[in-house]
Amino acid sequence: MHRMNSKKQLTKQEVKELIKLYDKYITLSESDRLMVIREAEVLLMKEKDNKNQTL
């Protein structure tokens, strides 16, 4: 299971947006889900690297 490291509470609007995205996600084929997860992990790693480089 993938979890975000943030402890921030979600707003009601964020919850609504996530529900819409999840609804799209669950309709994807298994290969498309894996592609989305891989792409998200790459983007998050790049973002994390960029933050570390600016410190």
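Using Cα atoms only, what is the angle between the long axis of helix 12-26 and the major principal axis of the chain, expressed in degrees (0 to 90) to the nearest 10? Roughly 60 degrees, rounded to the nearest 10. Axis of helix 30-54 versus longest Cα principal axis of the chain: the two differ by about 20°, to the nearest ten degrees. In a DSSP loop and with at most 12 other Cβ atoms within 10 Å, there are no trypsin sites (Lys or Arg not before Pro) in the range 12-55. The Rg/Rh ratio of the chain, with both radii computed over alpha carbons and Rh defined as the Kirkwood radius, is 1.04.
All of the numbers you see were taken from the coordinates with simple rules; none came from a lab. Predicted model only: the values in this text are computed from it and were never measured. FYI the Cβ positions are ideal-geometry reconstructions off the backbone, even for glycines, and counts take in every protein chain you see.
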